[in-house]
Amino acid sequence: MSVANSDVNYINSPKGLWSWLVTIDHKRIGIMYLFTTLAFFALGGIFALLLRIEHLTPGRTIMDANQYNIAFTLHGAIMVFMFIVPNVPAAFGNFFLPIMIGAKDVAFPKINLLSYYVFWLGAILAVCAIIFGGVDTGWTFYTPYSIRTNTAVIFMASGAFIMGMSSILTGLNFIVTVHKLRAPGMTFFHLPLFIWGIYATAIIQVLATPVIGMTVALLIMERVFGIGFFDPALGGDPILFQHFFWFYSHPAVYIMIVPGMAIISEIIPAFSKKTIFGYKPIAYSSLAIAFASFIVWGHHMFTSGQSYLASLLFSVATIIIGVPTAIKIVNWVATMYKGKVSWETPMLYAMAFIFMFSIGGLTGLFHISLAVSVHLHDTYFVVAHFHYVMMGGTVMAMLGGLHYWWPKMFGVMYNECLGKIGAALMFIGFNMTFGSQFIMGNLGMPRRYYDYAERFQPLHQVSTVGSWFIAASFLLTMSYLIYSLFKGKKAPANPWDAKSLEWTIASPPPTENFLTDPVVTEPYPYGTPNKARSHA
Amino acid sequence: MSGHHEVHYVEGTKHAIPHHFNSGYHEFDASKMGMWVFLVNEILLFSALFVAYAMFRAKDPVMFHEASHQLNKWMGGLNTIVLLFSSLTMALSVGYLQRNNTKRASQMLILTFLCAATFMVVKYFEYSHKFHAGLLTAKFYTFEGISAGHPGLFFSLYFMMTGLHGLHVLIGMGVIAWVWWRTRRGDFNEHYFTPVEVTALYWHLVDLVWIFLFPLLYLIG
């Protein structure tokens, strides 16, 4: 066996496009997922920008009402099914989960590749839906409208069904990998917290996704064969659809956010040069979230006519799920306390995550207070809330992870100065875009409305200008990252002086990950806080 | 780089152990767990239909009672026996492989396949009778012999549940044919029979789902 040679690595060995397309190497599949999901992120982002431009003025600005309905549906469906659900687990999870537990690959590499092409099949169907006139139901496909509308619901629903299968295969692979392929010494409580997060996510993926699969399959059957489950005229019940839909889609928001939290749990200790505070509480809180996520779906249905008792129970259960979430935030902050904190770009995004996700989480409490919820139901307050969680949370974590692991994945350093400018632009733009929506929602601006009263115009304009800051930040980030691929400084094996296993191997990693089998003794071996400071 | 690796085979077979596993047993263990996780996912897939069943039955038990009479208990019962027997032959094929008796194992796989085919033939006759009588999904339902409620909903459930189950039987037949072919080719021995083992796990679940479908649909009348 030759010594580590960073000229020969997973990127160039074996060579050729075909070797990439049929690869069963988890790292290459992770990279393919990364670029694919980022491309869909850009597509969903374009729809978002169009929506915001439309709202510059009341009435028509650039599109008519039907086009607006299609645009917000496609923005939601693309972002949810094609970006935020697969992005972190399938891209970063694929690349780093095996390396961080000291394995050579995931348990089922061929199924892993299959999941990638199944994802594409679903994505192509979804793109067909866009070509054949789009969908105007909102990403939630609520019945009975989704049964009656003449738009391409069947294409989009089939796409969601098939992309769900891909998500299940990824989750299945990760669960078995974590159980069966850990390196010697890598006990469950030596797992990096990123793995705990991805593992908890995988459990939700396997348990919740089949239910949305069945739900959208029944929606298709409803349109094709008239099964009547959701159609009152045939004896069915449209509310049943909402129960089915949210039984998946509430756990799904944890499929979206828990991997983001998992990334933050890696970035904070690495840039505080300190062992994570409260390892076990953070690990268990991921599992607690996974469990509790299954008993809170009714909080999406407070105004649907479900019984008062049901609403009360769902409200209480939802308050409970705030606890493990808060445990994570408290422990991250405690990790930084008396640490040797440095402010590289990944850490800036982690700070943005904590700030914005906290706002997103706390405004969630407004929605689960039954009386307040009625006031805020279907207003921009809801839109702002979930964008603070999903974008202010998951996307910030994704960007943090992208910068944190960029040197490892591609063996080059990005431009730190531009990185910081990008993060600042993002922070300003994001809070302009969605902070203003909290105010609008509270003043009564309903979500999904094409038109609005004159008095909302200043706030809408703040929001739209904010969205341009976000776009500028993404363009900048994309530019310097792509530039670094060609002209970037070569990255050392461990540029951040971090301690998990991926930093013990070359950048970019060799094809077989580890040239000698790793042995693990503890997670986050930064030493005690005092020792860490004496290093300074 | 991968050329540096020595390839290990399971004793007496041409099965190369993938490089990320330590041994054939390690791979067997992981594959089995993978199938169990998949089966949990399958149960959740069916669960949505069972929930819909429970809800609509609770809403209109009289209609369910009457509609159930339109199903043929004897055909359903025959299929139950056929599927239970196929689970036995499937388990026996694994047992024979564990004792390195590939000839008997492949015979058992043929029997399992034939049982599955019988199941589908019976199902075909049941379905064509329903189509003929107008016992169809809610929107296309034309049968006039049931007075209560919306009997079309019962038959929507019937077609969705048995249809999804039948799809699983068809997929199972394909997989059983494939492992039979590999057994015949001599791919398996007492040290390596992972594909047959996981196929058997899957097949038992398909059987198990039917064990619930049969009484819930056929025997409530």
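The table for this structure:
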quantity: Residues (modelled with pLDDT of 90 or more and either over 14 Å from B:GLN70 (Cα atoms) or within 28 Å of the chain's Cα centre (by Cα) (or both)) located in the range B:142-160; calculated: B:HIS150, B:PRO151, B:GLY152, B:LEU153, B:PHE154, B:PHE155, B:SER156, B:LEU157, B:TYR158, B:PHE159, B:MET160
quantity: Number of the exception - B:SER47 against (1) at the interface with another protein chain (Cβ under 8 Å from one of its Cβ atoms); (2) more than 20 Å from the chain's Cα centre (by Cα); (3) surrounded by fewer than 17 Cβ atoms within 10 Å (Cβ to Cβ); calculated: (2)
quantity: Answer from A:PRO98, A:PRO109 - the residue that is farther than 25 Å from A:TYR254 by Cβ and out of contact with any Gly (no Cβ under 9 Å at 6 or more places or on another chain); calculated: A:PRO109
quantity: Contacts under 6 angstrom Cβ, first residue in the range A:55-76 being under 19 Å from A:SER436 (Cβ atoms) and free of Cβ contacts under 8 Å to residues at least 12 places away in the same chain, partner of a type in the set (Val, Ile, Thr) and open to solvent by 20 Å² or more (accessible area, probe 1.4 Å), 6 or more apart; calculated: none
quantity: Selected residue [buried (at least 20 other Cβ atoms within 10 Å of the Cβ) and either of a type in the set (Lys, Arg) or within 12 Å of chain A (Cβ to nearest Cβ) (or both)] from B:TYR25, B:TYR53; calculated: B:TYR53
quantity: Search result, residues across the range B:155-173 that are open to solvent by 10 Å² or more (accessible area, probe 1.4 Å) and facing chain A (nearest Cβ under 8 Å); calculated: B:PHE159, B:MET160
quantity: Residue in the range B:69-85 that is more than 14 Å from chain A (Cβ to nearest Cβ) and either farther than 26 Å from B:MET120 by Cα or among the small types (Gly, Ala, Ser) (or both) present; calculated: yes
quantity: Test: B:ILE176 is under 14 Å from the mean Cα position of the chain (by Cα), within 14 Å of chain A (Cβ to nearest Cβ) and of a type in the set (Val, Ile, Thr); calculated: no
quantity: Some residue of the range A:144-155 being within 13 Å of chain B (Cβ to nearest Cβ) and either open to solvent by less than 10 Å² (accessible area, probe 1.4 Å) or among the β-branched types (Val, Ile, Thr) (or both); calculated: yes
quantity: Odd one out for B:PRO18 among (1) open to solvent by 20 Å² or more (accessible area, probe 1.4 Å); (2) of a type outside the set (Asp, Glu); (3) part of a helix (DSSP H, G or I); (4) within 12 Å of chain A (Cβ to nearest Cβ); calculated: (3)
quantity: Search result, residues across the range A:54-110 that are surrounded by 22 or more Cβ atoms within 10 Å (Cβ to Cβ), assigned to a helix (DSSP H, G or I) and within 14 Å of another protein chain (Cβ to nearest Cβ); calculated: A:ASN94, A:LEU97, A:PRO98, A:ILE99
quantity: Test: residue in the range B:74-91 that is closer than 26 Å to A:GLY236 by Cβ and under 16 Å from the mean Cα position of the chain (by Cα); calculated: yes
quantity: Which listed residue, of A:LYS280, A:LYS338, is basic (Lys, Arg) and on the phi > 0 side of the Ramachandran plot; calculated: A:LYS338
quantity: Cβ-Cβ under 8 Å pairs, at least 6 apart or on other chains, the range B:130-154 side more than 9 Å from chain A (Cβ to nearest Cβ), far side β-branched (Val, Ile, Thr); calculated: B:GLY134/B:THR142; B:ALA148/B:VAL62
quantity: Selection count where residues are open to solvent by 10 Å² or more (accessible area, probe 1.4 Å) and more than 19 Å from the chain's Cα centre (by Cα), scope the range A:391-414; calculated: 4
quantity: Matching residues, the range A:112-142, being in a helix (DSSP H, G or I), of a type in the set (Ser, Thr, Tyr) and open to solvent by 40 Å² or more (accessible area, probe 1.4 Å); calculated: A:TYR117
quantity: Yes/no for B:TYR96 being open to solvent by 20 Å² or more (accessible area, probe 1.4 Å), among the aromatic types (Phe, Trp, Tyr) and at pLDDT 95 or above; calculated: yes
quantity: Checklist (1) open to solvent by less than 20 Å² (accessible area, probe 1.4 Å); (2) more than 9 Å from chain B (Cβ to nearest Cβ); (3) of a type outside the set (Phe, Trp, Tyr) applied to A:THR177, failing item; calculated: (2)
quantity: Out of A:ILE264, A:ILE212, A:ILE198, sole residue that is within 10 Å of chain B (Cβ to nearest Cβ) and assigned to a helix (DSSP H, G or I); calculated: A:ILE212
quantity: Residue list for the range B:25-75, filter: in contact (Cβ under 8 Å) with a residue 60 or more places away in the chain, among the polar types (S, T, N, Q) and assigned to a helix (DSSP H, G or I); calculated: B:SER31, B:SER68
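Yes/no matrix, rows are residues, columns are (1) open to solvent by less than 30 Å² (accessible area, probe 1.4 Å); (2) touching a residue at least 60 places away in the same chain (Cβ under 8 Å):
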| site | (1), (2) |
| --- | --- |
| A:ALA252 | yes, yes |
| A:GLY260 | yes, yes |
| A:GLU266 | yes, yes |
| A:THR275 | no, yes |
| A:ALA283 | yes, yes |
| A:SER311 | yes, no |
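The values are calculated or read from the model by the stated rules, or taken from the named source; none is laboratory data. Owing to the predicted nature of the structure, the values given are computational and were not obtained by experimental measurement. Methodologically, a virtual Cβ is constructed for each residue, glycine included, from the backbone with ideal geometry; neighbour enumeration extends over all protein chains shown. Only protein heavy atoms, including side chains, enter the accessible area calculation; ligands, DNA and RNA are left aside. Shrake-Rupley method; radii C 1.70, N 1.55, O 1.52, S 1.80 Å.
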